[in-house]
Amino acid sequence: MTDTTEVTYDESRAPGVPLVRALNVTKAFHGNEVLKGIDLDVHEGEVVCLLGPSGSGKTTFLRCVNQLETINGGRIWVDGDLMGYEDKGGRLHRLHDKRIAAQRREIGMVFQRFNLFPHMTAIQNVKEGPVQVKGVGKKESHAAALELLERVGLGDKCDHYPAQLSGGQQQRVAIARALAMRPKLMLFDEPTSALDPELVGEVLAVMRELAQEGMTMLVVTHEMAFAREVADRVVFMDAGVVVESGDPKDVINNPQHERTKSFLSRLH
Ligand code: ADP
């Protein structure tokens, strides 16, 4: 092989190489640097929870992984694919929208606000992506969407519009909709923080099940109990840097850094 870019691409998804690899990622908004050199790997089948105070850059990092934001420095690979385009001088550029759309198909994202199409029923929301983007046939997409809605406990709500569903039910539809694209990676951005407390559990239960089934997940959350039980690893961020990371029981029960200690003590 003579093309060195190809070699890098192949090697980056050799066995044991992470599904997500972020190296020295920086991001600034109007001169305000909110990510200051983030290194973070997520291996296939791993659940990683991003913890940290509001404003520390967790959501921005997640959005960079999905190319909803363009990074200023560093590199992100998802499934061996560089998120961006490197010129001959080694500078990173934003890819064309079509290429970004193709890369995003590998990634499901669930937002704080459920972002369902209000004029479509639950099942129409779930099958929209496969039909429009992947060109899956009507019958097949309907059957798959039904199965996904059953999986998130909403088999009987297929024909309900978002406004007829509770926040927890809407968020479960949003998860089913992301899964319908058969992503390799699921990103969750504070998926329960807009919900009434009594509805949080049903969404976390779906996420826990997904984790048990082996889905690779990167989750921004303030739900410490969920992080402690479900995460393989937690990453604590503050002011745009990773302060510490490791086994959730170690980091949450026995934090090493003052900033982590202070954040966790404020939660109780
Ligand atoms: P977290 O998810 O940890 O609460 P965010 O990633 O949402 O943190 O925000 C990190 C910082 O970046 C905050 O100071 C926020 O105001 C700023 N920020 C995020 N998005 C934008 C944007 N689109 N324009 C300007 N500033 C932004």
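The values are calculated or read from the model by the stated rules, or taken from the named source; none is laboratory data. Computed from a predicted model, the values in this text were never measured in an experiment. Don't worry about glycine lacking a Cβ; one is built from the backbone with ideal geometry, like all the others, and counts go over all protein chains shown. Ligands, DNA and RNA are excluded from the accessible area calculation, which covers all protein heavy atoms including side chains. Shrake-Rupley method; radii C 1.70, N 1.55, O 1.52, S 1.80 Å.
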Single match in R177, R172, R151 (criterion: of a type in the set (K, R) and under 20 Å from G45 (Cβ atoms)):
R151
Matching helices (runs of 4 or more DSSP H) fully within the stretch 56-133 where at least 1 residues are more than 14 Å from the ligand (Cβ to nearest atom) and more than 27 Å from F236 (Cβ to Cβ):
97-104, 122-132
Return the residue satisfying two criteria in turn: it lies in the stretch 35-54 and is touching a residue at least 12 places away in the same chain (Cβ under 8 Å) and within 10 Å of the ligand (Cβ to nearest atom), and of such residues it is most open to solvent (accessible area, probe 1.4 Å).
P53
State the number of residues belonging to the stretch 63-98 that are over 24 Å from V34 (Cβ atoms) and in contact with a strand residue (DSSP E or B) (Cβ under 8 Å, 6 or more places away or on another chain).
2
Since P197 meets every condition but one in (1) more than 30 Å from H257 (Cβ to Cβ); (2) free of Cβ contacts under 8 Å to residues at least 12 places away in the same chain, which condition does it not meet?
(1)
Out of the stretch 175-214, which residues are under 11 Å from the mean Cα position of the chain (by Cα), surrounded by 18 or more Cβ atoms within 10 Å (Cβ to Cβ) and either over 22 Å from F117 (Cβ atoms) or charged (D, E, K, R) (or both)?
L185, D189, E190
